[in-house]
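What follows is one structure encoded as structure tokens, with my remarks underneath.
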Amino acid sequence: MSRYADFYRQSIDQRDAFWAEQSRLIDWHTPPRQVCDYSNPPFANWFVGGTTNLCHNAVDRHLAQRATQPALVAISTETETERSYTYAELHAEVQRMAAVLQSLGVKKGDRVLIYMPMIAEAAFAMLACVRIGALHSVVFGGFASGSLASRIEDAGPVAVISADAGSRGGKVVPYKPLLDEAIALSSHKPAAVLMVNRGMAPMHLQPGRDHDWTALRAQHLDTTVPCEWVEATHPSYTLYTSGTTGKPKGVQRDTGGYAVALAASMKHIFDAKAGDVYFATSDIGWVVGHSYIIYGPLIAGMTTIMYEGLPTRPDAGVWWSIVEKYQVTHMFSAPTAVRVLKKQDPAYLAKYNVKSLKALWLAGEPLDEPTAQWISNALQVPIIDNYWQTETGWPILTLANGVEPQTARFGSPGKAMYGYGVKLVDEATGEELTAPHQKGVVAIEGPLPPGCMQTVWRDDARFVNTYWKSIPGRLIYSTFDWGIRDADGYHFILGRTDDVINVAGHRLGTREIEESISAHPNIAEVAVVGIADALKGQVAIAFAVARDASGLVDDASRLRLEGEVMKQVDGQLGAVARPARVYFVTVLPKTRSGKLLRRALQAVAERRDPGDLTTMEDPAALQQVRELVGR
Ligand code: ATP
Ligand code: MG
């Protein structure tokens, strides 16, 4: 047995011993009495009886050894600023923020909503909340008032922390008017609003409710706020899923299990050590931001980089210049960002020395082989796909290079990670598919490992019914993704279960068809959806963005490329998978976290109402589709 196979087996067969060992990676105020209480499935309680604190593990415990090491570097290409905080400075700032929150009446168990751009104060705010046992609920700064209002309503925060403005591509986006509008729309009214003033947009402060961070901070400069020791099962935060398939779900996470899971992932998955430099290009509004901008790297004693700005401004080399300047060792991004870079001149990637990088991890969406190959050639560092969900908080499928160096296979996010009882099951019968190359729903046997969601915020029934009751005949967690596994245990994600296309009785994953289409040299990006067809039940249609659209000047040139794409699919997958149409667009509809909104594409292509579009990035993207399919 390989070292990793053995490690994995232990995590499943000797679950409690395995996690008891991992629990030593963090500091406990009181050690746990019981590793896992799974007496009331599917609810799992990890490290019962233990008390700890996330902020202590992320900040305070490093002071003895690395007080002067940079902990957080906040870089903004929007404001052209770089601010660096050592662990000692971070400790001081977090305590100031914690004292201010306490002065505003925030107590253990209260919720604090954070609606902020990617600035250092956002990190202080998150850490300050968990320091005093309050739950943060971070809402992505790009959301408008409607989405923000529904999250205020659901989280019921005592206080909101925000800033005067964010900035995107050099354009200032004032936050305060959106926040005021959202509070007006919500029936829940937070008692206090704390505003960080970056001096970017004028603000009106409502007397009695709104407070200025700079002024309050000045009153607490030398303050000490001790960490509140909370039960391991005390919720640390709530966070919404991306809303790709429908209404976002409010994920509730614990404290002890999450800290252990992140510490373990840093060691076993990322092969990282204290002093390394971690750069995740995500946003604190998403789960990657929680786990791998803030908590994971800090728990491991690393330097973490927060970035405000586009990957292409001032030019497409900006991320690599950061890697070179800060000697980044671990980088984490998303396939969608790599596809953006792929449309730029590759010379920008060769301009900087990225030798410090151990690897680039990519997650959030399927990483197609051509994109993986492209970035791999350009950077000459290992590219590691990893598959997980807001719900799980850390990777389900990837490579555990810290346990045993493993080779990536492009197109596959890799193997089941320790702790996850990953199964492929038949959607209709619930039967487990054990032979290689069988397609099934990716499911996880309970209990979910430490770090995963405890429940849906304020809705246990939704947690059970949504995630654990969809596979007939058994209580098992469904990821709602469809996949296969090869004989060596490498998994391939074929698409979401909603996106499976049934053409004349053949079940095809949208992902398989997209992968085949994106292998065409002139296709930068593509989305495939199934639409109703009187004859075949469903047919696939594709919406593609050309890498070089200058040749697509008339119907004849578009038809030529469409024909080439169809031929490509015929050759790779067979005529049954051939899309009935390939439409060329300049932009695809995406969520604000950069995921393809196939359900919206499909609805418009079937001339139906696309439903809730509040999580969509650019409404113009759907307009193009409407015009194309309307013809
Ligand atoms: P919602 O659940 O609200 O519809 P969402 O599923 O997009 O939105 P996230 O938690 O942000 O919310 O995304 C998790 C999903 O993203 C996974 O279930 C999977 O469909 C997709 N995904 C993430 N990483 C990968 C990957 N490496 N390969 C393929 N798919 C991935
Ligand atoms: Mg999901």
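The values are calculated or read from the model by the stated rules, or taken from the named source; none is laboratory data. All values derive from a computational prediction rather than experimental measurement. Methodologically, a virtual Cβ is constructed for each residue, glycine included, from the backbone with ideal geometry; neighbour enumeration extends over all protein chains shown. To get the accessible areas, we keep the full protein, side chains included, count just its heavy atoms, and leave off ligands, DNA and RNA. Shrake-Rupley method; radii C 1.70, N 1.55, O 1.52, S 1.80 Å.
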**Study point:** Spin-label model distance (nm) - Arg560 vs Asp548, 7 Å beyond Cα toward Cβ
**Key:** 1.2
Point to revise | Share antiparallel - DSSP beta bridges, the stretch 298-414, percent rounded to 5 | key: 10
Exercise for review: For Arg168 and Arg507, compute 0.36 nm times the residue count separating them, minus their Cα-Cα distance, and round to one decimal in nm.
Suggested key: 117.9 nm
Point to revise | Efficiency of FRET between Glu82 and Ala534 - r from beta-carbon atoms, R0 45 angstrom, step 0.05 | key: 0.15
Point to revise | Of all accessible heavy-atom area on the chain, the percent that carbon and sulfur account for (1.4 Å) | key: 51
Check your understanding: How big is the accessible area of Asp345 in square angstrom, nearest 10, if you roll a 1.4 angstrom probe over the protein chains?
Key -> 90
Exercise for review: State the extension gain, in nm to one decimal, for the chain segment bounded by Val576 and Arg209, taking 0.36 nm per residue of separation less the distance between their alpha-carbons.
Suggested key: 126.0 nm
Check your understanding: How many percent of DSSP beta bridges within the stretch 506-631 run antiparallel, rounded to 5?
Key -> 75
**Study point:** Shape of the stretch 383-535, Cα gyration tensor, a/c cut at 1.5
**Key:** oblate
Review point. Residue by residue through the stretch 444-455, which ³J(HN,Hα) values in whole Hz follow from phi under the Karplus form 6.51 cos²θ - 1.76 cosθ + 1.60 (θ = phi - 60°), with glycine and proline marked x?
Key: 10, 5, x, x, 4, x, x, x, 7, 4, 7, 5
Study note, to complete from the structure: Counting sequence-distant residues (5 or more places) and residues on other chains, those with an amide H built under 5 Å from that of Leu72 are Tyr85, Thr304
Check your understanding: What ranking of Arg24, Arg9 comes out by heavy-atom accessible area, probe 1.4 Å, highest first?
Key -> Arg24, Arg9
**Study point:** the stretch 140-238, accessible area per residue, ligands and nucleic acids excluded (1.4 Å, Å²)
**Key:** 43
Review point. Classify the stretch 280-408: rounded, prolate or oblate, from the alpha-carbon gyration tensor (a ≥ b ≥ c, eigenvalue square roots; a/c under 1.5 rounded; otherwise prolate if a/b is larger than b/c)?
Key: rounded
Exercise for review: Can you work out the accessible area per residue across the stretch 319-457, with the rest of the protein chains kept in place, probe 1.4 Å, in square angstrom?
Suggested key: 33
Check your understanding: Rounded if a/c is under 1.5, else prolate if a/b beats b/c, else oblate: with a ≥ b ≥ c from the C-alpha gyration tensor eigenvalues square-rooted, which is the stretch 222-275?
Key -> oblate
Point to revise | Packing rank of 512-518, 394-400, where each peptide gets the mean count of other beta carbons within 10 Å, highest leading | key: 394-400, 512-518
Check your understanding: What accessible area per residue comes out for the stretch 53-119, rounded to a whole number of Å², with a 1.4 Å probe?
Key -> 34
Check your understanding: How far apart, in nm, are the 7 Å Cα→Cβ label points at Ser187 and His29?
Key -> 3.6
Exercise for review: Grab the Cα-Cα distance for Gln327 and Asn40, subtract it from 0.36 nm times how many residues apart they are, and report the gain in nm with one decimal.
Suggested key: 98.6 nm
**Study point:** In Å², nearest 10: area of Ser356 left accessible to a 1.4 Å probe
**Key:** 30
Practice item. Between Val464 and Gln438, with labels modelled 7 Å along Cα→Cβ, what's the label distance in nm to one decimal, could you check? Key: 2.9
Point to revise | the chain - mean residue ellipticity at 222 nm from DSSP helices (-39,500 (n - 2.57) per run, n ≥ 4, rounded to 500) | key: -8500 deg cm²/dmol
Check your understanding: Rounded to the nearest 5, what % of the DSSP beta bridges within the stretch 50-204 are antiparallel ones?
Key -> 45
**Study point:** Area accessible to solvent at His437, 1.4 Å probe radius, in Å²
**Key:** 120
